[in-house]
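Here is the structure we will look at, set down as structure tokens.
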């Protein structure tokens, strides 16, 4: 793996993975014309995409849900990227706002979804938003995610190596936050001050690497998904 230092003010390094070479080249040229972006590699299949991401460690990987090696192959790619290349944020390109694909994209680690029917002018804004650590999704897509979260979630307490991510009290605060409670409501329920709850939330965001409550919910979903996958493989 070759790590390239990214300095403040440098163009954001991007890998583009599209299902056809022509679409891949067109998107790469369009993004490359933006001063703030630098295209460091393109691919049309899973193997090449994963090799590129591992080799150049881009800040963002733009990945089509469908690649040359199969439908939804790109969604499996972003799951690998999330596991092996934690500094690379991913955005998934979709043909349409499909509930199952949207939910799976975020569960696999995507930070945003963008539809080919949307105007290209919105795409650089999408990438800037993701690069700033926020989530990119429309109102309909957020509804899909909220519906998928209807079942109670258990806040993960351990990392992939079995070590504690959150303290017991941080875990309680995070759990209540994912259930939709405000800081004031959490404070009342746990008999804490709002200031203390804010401090706990700050530490939760810092430890989990997310920047807001929506991202925290998505983090919880992805960790639950990982736990289920690990349990089923035993």
Self-check item: Filtered residue count, segment 191-234, keeping only those that are more than 14 Å from the chain's Cα centre (by Cα), at pLDDT below 70 and not in a helix (DSSP H, G or I)
Solution: 2
Quiz item: Which of (1) surrounded by fewer than 16 Cβ atoms within 10 Å (Cβ to Cβ); (2) on the phi < 0 side of the Ramachandran plot is the odd one out, the single condition residue 70 does not satisfy?
Solution: (2)
Exercise. Considering each residue of segment 98-113, count those that are in a strand (DSSP E or B) and without any contact (Cβ under 8 Å) to a residue 24 or more places away in the chain, and give that number.
Key: 0
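The values are calculated or read from the model by the stated rules, or taken from the named source; none is laboratory data. This structure is a prediction, so every number in the text was calculated from the model and none was measured. No Cβ is skipped: glycine too gets one built from the backbone with ideal geometry, and neighbour counts run over all protein chains shown.
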